[in-house]
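Asker: Encoded as structure tokens, here's the structure I'll be asking about.
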Amino acid sequence: MCNQEATAMVFQEIEKPFNSQTVKFPVLKKGEVLIQITYATICTSDLHTYYGRRKSHAPSVLGHEVIGIVVDIAQGGVRDYVGEQLQLNDLVTWSVYAHDHDGKMAQKGFPQKSEDLFKYGHEKVNGEDILSGGFATHCHLRAGTDIFRIPEGISHKEATPLNCTHATIAGAIRLAGELIHKNVLVIGAGMLGISACAMSKYAGADQVFSMDINPDRVENTLHFGSDLGLDAQLSLEEIRQLTQPLGGIDVLIDTSGSAEAMEKGLSILNIGGISIWVGAVYTQRNLSISAEYIVRNLLSIKGLHNYMPEDLAYAIQFIRETNKIYPFESLVSKDYPLAQLDEAFDSANSEEKYRVGIKPI
Ligand SMILES: [Zn+2]
């Protein structure tokens, strides 16, 4: 298959047009797979990179919320996450990183922080080796990538955000522990927040509350499992008055990354409450927290960055079992062809869409 060609849109500089580059298909090494990308979505972190809101490698091929079909498999075959041999034409998603499964960090339970991590959509391109991101016709999966077949009954718009949005929230839900008989507050009503509302309900939460500064976004969470939407401008006392009669807040999932929201959230948690922070992936001011308050109220704070492969497995099960209940397809707006990636980024950034789709073929 080496004489065939792939195209990738290379990110060169902040807010500069993407540069289309064509390369020959790679010769696969042991454990590697070549994917023909069928759909990708622009994640908020792609926007942070493109608009210079965080430091990233360049040149690089962005895009990590992505699905595609297997078009080449290294000699000797490659197994998927559940141990079955991958076949040509399998429709798959994969963990956003490849890592050494026997490495020290993986054995300690933190594969996403492995020493040799290769992160799709984030790597600096190296000569002809450009097929490392989702905004391309093909993606070259490295050995050590956890690959998952996408079950039937999940559309491409539902499946594409699985390996970032939904898997990250599955990680947050794992850290929160048992949700039965517990109430959850989700702060931030973007894509992650919507996933957190629906997944909290799926995981058995009693009441789910959602909070954001944007009333339209709060309203939309009510279609995704939230029982009560809250305006982020409400005072602590007003939030207490609304949530206490329903049992208060046991678990908080912050997807906003707002220091004020995380401080506020800690002071309204019930005794024994857990606060999971997911959104704070950019530089911000330090938080003001009373250690005595944390100790006396038996509170826990847990941070989550990326996720474990098992979280992606849980996310796939979640979407398969809830995509008839919640309108996940509605979160992805119109499709753009790969050649119009510049326009797609403009649209994703300026109109505050949840997700914009890229259809390379
Ligand atoms: Zn992402």
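Asker: Work out how much length Ser330 to Ala58 would gain on full extension: take 0.36 nm times their residue separation and subtract the Cα-Cα distance, in nm to one decimal.
Answerer: 94.7 nm
Asker: How about region 37-86: which chymotrypsin sites (Phe, Trp or Tyr not before Pro) there are in a DSSP loop, with at most 16 other Cβ atoms within 10 Å of their Cβ?
Answerer: Loop-located and lightly packed - Tyr51.
Asker: Determine Rg/Rh for region 154-206; Rg is computed over alpha-carbon atoms and Rh is the Kirkwood hydrodynamic estimate from the same atoms.
Answerer: So for region 154-206, dividing Rg by the Kirkwood Rh gives 0.98.
Asker: Restricting things to alpha carbons, find the Rg to Rh ratio for region 6-49 using the Kirkwood radius for Rh. Could the numbers behind the result be given before it?
Answerer: On the way: Rg = 13.4 Å, Rh = 13.0 Å.
Reported Rg/Rh, Kirkwood definition of Rh: 1.03.
Asker: Which one of Ile173, Leu192, Gln233 is farthest out on the positive end of the charge dipole of region 169-303, using unit charges on Cβ (Lys, Arg +1; Asp, Glu -1) and the Cα centre as origin?
Answerer: My answer, from the dipole projection, is Ile173.
Asker: Right, here's the next one. Pairwise over distinct Cα atoms, reciprocal of the mean inverse distance: report the Kirkwood radius of region 255-322 in Å, one decimal place. It would help to have the intermediate numbers written out before the result.
Answerer: On the way: mean 1/r = 0.0723 Å⁻¹.
Radius from the Kirkwood sum: 13.8 Å.
Asker: Please give the net charge around Ile35, taking every other residue with its beta carbon less than 13 angstrom from that of Ile35, where Lys and Arg add +1 and Asp and Glu add -1.
Answerer: -2
Asker: While we're here: Taking square-rooted eigenvalues a ≥ b ≥ c of the alpha carbon gyration tensor, is region 110-173 rounded, prolate or oblate, where a/c under 1.5 means rounded and, failing that, a/b exceeding b/c means prolate?
Answerer: It is oblate, given that a/c is not under 1.5 and a/b is not larger than b/c.
Asker: A further question follows. In terms of modelled amide H atoms, which long-range or inter-chain residues lie less than 5 Å from the amide H of Val78?
Answerer: Result for Val78 returns Leu86.
Asker: So what are the radius of gyration and Dmax for the Cα set of region 1-150, in Å?
Answerer: Spelled out, the Cα radius of gyration and Dmax of region 1-150 are 15.0, 43 Å.
Asker: What does the convex hull of the Cα atoms come to per residue for region 218-361, in Å³? Before the final figure, lay out the partial values.
Answerer: Numbers: hull volume 24.4 nm³, N = 144.
Hull volume normalised by residue count: 170 Å³.
Asker: With a cut-off of at most 10 other beta carbons within 10 Å, and DSSP calling the residue loop, which trypsin sites (Lys or Arg not before Pro) in region 47-123 qualify? Please list them.
Answerer: In loop regions of region 47-123 (DSSP not H, G, I, E or B), the sparsely surrounded trypsin sites (Lys or Arg not before Pro) are Lys55, Lys108.
Asker: For Ile14 and Asp346 in one chain, what is 0.36 nm times their gap in residues minus the Cα-Cα distance, to one decimal in nm? Kindly include the intermediate steps, with their values, before the conclusion.
Answerer: Details: separation 332, 0.36 × 332 = 119.52 nm, distance 1.27 nm.
Roughly 118.3 nm would be gained on extension.
Asker: Please state the relative contact order of region 169-303 as a whole percent: Cα pairs under 8 Å, 6+ residues apart?
Answerer: Relative contact order comes out at 23 percent.
Asker: Okay, next question. Would you please state which residues of region 247-267 a label at Tyr282 would reach in this model, taking the label point 7 Å out along Cα→Cβ and a backbone N cut-off of under 16 Å?
Answerer: Label zone hits: 255-262.
Asker: Let me ask you something else. Which aspartates and glutamates have a Cα less than 18 Å from the Cα of Lys113, not counting those fewer than 8 places away in the same chain?
Answerer: Those aspartates and glutamates meeting the cut-off are Asp100, Asp102, Glu123, Asp146, Glu310, Asp311.
Asker: OK, next. Output the Cα-based Rg and Dmax of region 169-303 in Å, rounding Rg to one decimal and Dmax to a whole number.
Answerer: That works out to 13.3, 38 Å for Rg and Dmax.
Asker: Past 31 Å, Cα to Cα, is the threshold; run Lys182/Lys324; Lys29/Lys324; Lys124/Lys324; Lys16/Lys104; Lys30/Lys108 against it and keep the listed order.
Answerer: The pairs that break the limit, which is 31 Å between Cα atoms, are Lys29/Lys324; Lys124/Lys324; Lys16/Lys104.
Asker: Pick from Asn163, Asn270, Asn306 the residue whose mean-square fluctuation is largest in a GNM of the chain, springs joining Cα atoms under 10 Å.
Answerer: Asn270
Asker: Which of Asp206, Asp250 comes first, and how do the rest follow, when ranked by fewest Cβ neighbours within 10 Å? Intermediate values should be presented prior to the final figure.
Answerer: Details: Asp206 16, Asp250 21.
With the sparsest Cβ surroundings first, the list reads Asp206, Asp250.
Asker: R0 = 30 Å: FRET efficiency of Asp206 with Tyr51, Cβ-based, nearest 0.05? If you can, show how the numbers build up before the last one.
Answerer: Working: r = 39 Å, r/R0 = 1.30.
Working from the Cβ atoms, E equals 0.15.
Asker: On the Cα set of region 1-78, report Rg and Dmax in Å, please.
Answerer: 14.6, 43
Asker: How long are the semi-axes of the equivalent ellipsoid of the chain, defined as square roots of 5 times the Cα gyration tensor eigenvalues? Whole Å, largest first.
Answerer: The three semi-axes for the chain are 36, 21, 19 Å.
Asker: Relative contact order of region 41-124, please, whole-number percent, based on alpha carbon pairs below 8 angstrom and at least 6 residues apart.
Answerer: Computed value for region 41-124: 31 percent relative contact order.
Asker: Further question: With each run of n ≥ 4 DSSP H residues scored as -39500 (n - 2.57), what mean residue ellipticity at 222 nm is computed for the chain after dividing by its residue count and rounding to the nearest 500 deg cm²/dmol?
Answerer: When only DSSP H runs of four or more count, the value is -7000 deg cm²/dmol.
Asker: What GluC sites (Glu not before Pro) does region 1-58 have in DSSP loop regions with at most 14 other beta carbons within 10 Å?
Answerer: Here the sparse-neighbourhood loop sites are Glu13, Glu15.
Asker: OK, next. Report the residue, chosen from Val70, Val186, Val295, that carries the largest GNM mean-square fluctuation when the chain is represented by alpha-carbon nodes joined by springs under 10 Å.
Answerer: Comparing Val70, Val186, Val295 in a Gaussian network model of the chain, the most mobile one is Val295.
Asker: Mind giving me the nanometre distance, one decimal, between the label points for Lys29 and Asp231, set 7 Å out from Cα along Cα→Cβ?
Answerer: So the two model labels end up 5.7 nm from each other.
Bear in mind that the values in this text are calculations on the coordinates, not laboratory data. Quick caveat: nothing in here was measured; it's all calculated off a predicted structure. Note that each Cβ is placed from the backbone with ideal geometry, even for glycine, and that neighbours are counted across all protein chains shown.
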